[in-house]
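The structure appears below as structure tokens.
The values are calculated or read from the model by the stated rules, or taken from the named source; none is laboratory data. Being a predicted model, the structure only gives us computed values, none of them experimental. Quick reminder, even Gly has a Cβ in these numbers, built from the backbone with ideal geometry, and neighbours come from all protein chains shown.
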């Protein structure tokens, strides 16, 4: 019995590792045959400066290709969704093409103690999972800070499990000149983003897999 | 802003903004006699302070004795209007405030908050200061920076362009390039 369980564990672990390696190797490869005309897009809004950068990027993207759009911001951040609504020209809960605005619990607020942040992190993860099950986006656009980590982690698990293949794009904040943020570093090291952009050439030199094609601001 | 319309030509306002948080050491510094003296010396007439959630309350002044006219508020939805009417902006190091000010080409002194835990904020201010788009200070060096302020050295900031990033994303997803 014990041997059976052991063999089962070894096989599933091996399969899982193979799948994870496959997912990582396939990420960062461009789509060859895209069947959909529109890709549902999840936009994770950071706060203040992060949101301003994201709106700048969205303003040059084809709205009908990236539709419907789901905007997510931290529950404590009242400004970001408002800015997104103004950008979309939608003042209601829902737009005509299904564009939606949602709030998400944050895993950790500035200054929160590490002990209480265990509980809030679990809550944030659960909430992120619930939203991701509902949305299952084809494209995820994010630019930090931490709010996007649970989303990207769940998206990665969805890829591994074959639930949904999401393309993840991360743009490091223009405020990061010399080093990646913790969020950027995690996504870079774990190969979670299809494309990771930085906004300063000296940063790209340190992280060769990152892209530098100019600044958003 | 209501009592100054009659001598608008001579009005030169310094706008101080701390953003959504608090930055008492900056507000306290700009409210010091030393800094106000230095600003007056440089020809500024008004000082407007957006103090955010800070607990230090600056002293209001109507400037009757030839001193700086000082006013403050906590938050406003029209920060853009204050920026536009300012002759000099003194800002915290948040990227939002920095680029909002640079975009309208106002002289800018960024003051780095050294009390912040993860102080990556100074990176951006120092990089942009090196490129001569703005001046960078700490609360304790602000007075010196104002005294030696030379606006002629400023190199105008060329706004970035998001199109190349969007193009790479489109290409990755197999959308037509143009």
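Could you say which residue among A:127, A:50 is crowded, with 17+ Cβ neighbours inside 10 Å, modelled with pLDDT of 90 or more and farther than 29 Å from residue A:210 by Cβ?
Numbers: A:50 fails: farther than 29 Å from residue A:210 by Cβ.
None of the others qualify; the one that does is A:127.
The residues in region A:168-202 that are more than 10 Å from every other protein chain (Cβ to nearest Cβ) and in contact with a strand residue (DSSP E or B) (Cβ under 7 Å, 6 or more places away or on another chain) can be counted, and the count is 11.
For region A:48-61, indicate whether the set of residues that are farther than 30 Å from residue B:94 by Cα and in a loop (DSSP other than H, G, I, E, B) is non-empty. Even if it seems obvious, please write down each step before you answer.
Initial filter on region A:48-61 (farther than 30 Å from residue B:94 by Cα): none.
No, region A:48-61 contains no residue that is farther than 30 Å from residue B:94 by Cα and in a loop (DSSP other than H, G, I, E, B).
Would you mind finding the one in A:145, A:137 that is more than 30 Å from residue B:126 (Cβ to Cβ) and under 14 Å from the mean Cα position of the chain (by Cα)? Of the residues listed, the single one that is more than 30 Å from residue B:126 (Cβ to Cβ) and under 14 Å from the mean Cα position of the chain (by Cα) is A:137. Criterion first (in contact with a strand residue (DSSP E or B) (Cβ under 6 Å, 6 or more places away or on another chain), within 14 Å of chain B (Cβ to nearest Cβ) and crowded, with 18+ Cβ neighbours inside 10 Å) does residue A:41 satisfy it? When the stated conditions are applied, residue A:41 passes them. Counting only residues that are touching a residue at least 12 places away in the same chain (Cβ under 8 Å) and not in a loop (DSSP other than H, G, I, E, B), region B:39-67 holds 8 of them. Note on region B:120-178: residues that are touching a helix residue (DSSP H, G or I) at 6+ places or on another chain (Cβ under 7 Å), in a loop (DSSP other than H, G, I, E, B) and within 30 Å of residue A:37 (Cβ to Cβ) amount to 2. When residue A:39 is tested against (1) part of a loop (DSSP other than H, G, I, E, B); (2) in contact with a helix residue (DSSP H, G or I) (Cβ under 9 Å, 6 or more places away or on another chain), just one condition goes unmet, and that condition is (2). Here region A:207-217 is the region considered, the condition is being out of contact with any strand residue (DSSP E or B) (no Cβ under 6 Å at 6 or more places or on another chain) and within 12 Å of chain B (Cβ to nearest Cβ), and the residue that is surrounded by the most Cβ atoms within 10 Å (Cβ to Cβ) is A:216.
Filter region B:123-148 for residues that are buried (at least 16 other Cβ atoms within 10 Å of the Cβ), over 14 Å from the mean Cα position of the chain (by Cα) and under 26 Å from residue B:33 (Cα atoms) and give the result. Matches in region B:123-148: B:143 only.
Filtering region A:134-155 to residues that are within 14 Å of another protein chain (Cβ to nearest Cβ), assigned to a loop (DSSP other than H, G, I, E, B) and touching a residue at least 60 places away in the same chain (Cβ under 8 Å) leaves A:137, A:138, A:143, A:144, A:145. What do you reckon, is residue B:96 modelled with pLDDT under 95 and crowded, with 19+ Cβ neighbours inside 10 Å? In short, yes.
Any idea which residue in region A:156-181 is surrounded by the fewest Cβ atoms within 10 Å (Cβ to Cβ), counting only those that are part of a helix (DSSP H, G or I) and free of Cβ contacts under 8 Å to residues at least 24 places away in the same chain?
Let us first name the residues in region A:156-181 that are part of a helix (DSSP H, G or I), namely A:156-161.
Among the residues that remain, those that are also free of Cβ contacts under 8 Å to residues at least 24 places away in the same chain are: A:157, A:161.
Values: A:157: 14, A:161: 11.
Among those residues, the one meeting the criterion is A:161.
The set of residues from region B:42-63 being more than 10 Å from residue B:14 (Cα to Cα) and under 19 Å from the mean Cα position of the chain (by Cα) comprises B:42, B:43, B:50, B:51, B:52, B:53, B:54, B:56, B:57, B:58. Remark: residue B:89 matches the filter, which requires a residue to be crowded, with 21+ Cβ neighbours inside 10 Å, at pLDDT 95 or above and within 20 Å of residue B:18 (Cβ to Cβ).
The listed residues are B:89, B:70, and the only one of them that is in contact (Cβ under 8 Å) with a residue 60 or more places away in the chain, part of a strand (DSSP E or B) and more than 12 Å from chain A (Cβ to nearest Cβ) turns out to be B:89.
Looking only at region A:182-206, residues that are buried (at least 21 other Cβ atoms within 10 Å of the Cβ) and in a loop (DSSP other than H, G, I, E, B) come to 4 in all. Taking the numbered list (1) assigned to a loop (DSSP other than H, G, I, E, B); (2) away from chain A (no Cβ under 12 Å); (3) touching a residue at least 40 places away in the same chain (Cβ under 8 Å) in turn, residue B:82 passes all entries but (1). The set of residues in region A:53-84 being touching a residue at least 12 places away in the same chain (Cβ under 8 Å), within 10 Å of chain B (Cβ to nearest Cβ) and under 19 Å from residue B:167 (Cα atoms) consists of A:53, A:54, A:55, A:56, A:57, A:58, A:59, A:65, A:66. Of all residues being within 13 Å of chain A (Cβ to nearest Cβ) and buried (at least 20 other Cβ atoms within 10 Å of the Cβ) in region B:103-120, which is nearest to the chain's Cα centre (by Cα)? Just the residue, please. Across region B:103-120, the extreme among qualifying residues is B:110.
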